[in-house]
Structure formats: structure tokens, C-alpha cells
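Engineer: Below are the C-alpha cells for one structure; questions will follow.
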Amino acid sequence: MKKILHRECGFIRMQTGTNRVAFIIAQNSGLVEGELVGKQLSLRTQALARPSFAKEPHVKEVSRVFQLQPDGKLEQTLSMSTKKQPMIQHLHVTYSRLP
């Protein structure tokens, strides 16, 4: 079996009322870099791209912090900045394993 060197996942998005399409993907070669320290993974965008018809305000930077808690739950905090807003927490979610 050959070794997998590349993966991607994403979406195809159409601009309403037009024939314009955006192919939005994430790749394992990555545009996000981070650091794993203990049970915390911190990620920050290194580059952002968007379709020409993306709605304003455009996102300028995104950071994510994943923290594994002692009870086994995984917390994620996502912060972002736009042209109109400095870096601020956008969401916080706690994941738990299904039994």
C-alpha cells in the first residue's frame, strides 16, 4: 500500500443568483501552524484566502486553542479578527465522548 502524502477536505460554494463558484479546501500541507504543549494545542493562521464574493467584514486572522481537560473533555476556543473588529473570542465549545 502506498503512503498517503496529501489530504484535503472542503466545500463547493456558489454565489446566489450567479454561476460563480468558490472551491474552499483545507489541506494537510496547511496554512495554519501551531504548537502542542502538554495537553494544549494552539493554532494561528499563517495565510488566509477568500472568494472574491465573500461577504464583508473579511476575516483577517483566526486562532484556535484546543485543551484536553482532566475529565477527558476537549475544549476549543476560537478567536478571530476582521477589518472591523480586533482579535476577540468568537466561540467556546466543550466536546465530550459518546458512551
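Engineer: List the number of the failed condition for GLU33; all other conditions in (1) out of contact with any Ser or Thr (no Cβ under 7 Å at 6 or more places or on another chain); (2) open to solvent by less than 90 Å² (accessible area, probe 1.4 Å) hold.
Structural biologist: Single failed check for GLU33: (2).
Engineer: Could you count how many residues in region 67-84 are within 24 Å of GLN15 (Cβ to Cβ) and exposed (fewer than 15 other Cβ atoms within 10 Å of the Cβ)?
Structural biologist: Going through region 67-84, the residues within 24 Å of GLN15 (Cβ to Cβ) turn out to be 80, 82-84.
Imposing the further condition that a residue be exposed (fewer than 15 other Cβ atoms within 10 Å of the Cβ) reduces the set to 83-84.
Residues meeting the conditions: 2.
Engineer: Something else: Given the criterion under 12 Å from the mean Cα position of the chain (by Cα) and open to solvent by 80 Å² or more (accessible area, probe 1.4 Å), identify the matching residue among ARG97, ARG50, ARG64.
Structural biologist: Details: ARG97 fails: under 12 Å from the mean Cα position of the chain (by Cα); ARG50 fails: under 12 Å from the mean Cα position of the chain (by Cα).
The match here is ARG64.
Engineer: If you check every pair at least six apart or on different chains, which have Cβ atoms under 8 Å apart with a residue in region 78-99 that is under 23 Å from VAL59 (Cβ atoms) first and a residue that is loosely packed, with under 10 Cβ neighbours inside 10 Å second?
Structural biologist: SER79/ILE88; MET80/ILE88; SER81/ILE88; LYS83/GLU56
The values are calculated or read from the model by the stated rules, or taken from the named source; none is laboratory data. These numbers come from a predicted model, not from an experiment. Neighbour counts are summed over all protein chains in view; Cβ atoms, including those assigned to glycine, are modelled from backbone coordinates with ideal geometry. Calculation scope for accessible area: heavy atoms of the full protein, side chains included, ligands and nucleic acids excluded. Shrake-Rupley method; radii C 1.70, N 1.55, O 1.52, S 1.80 Å.
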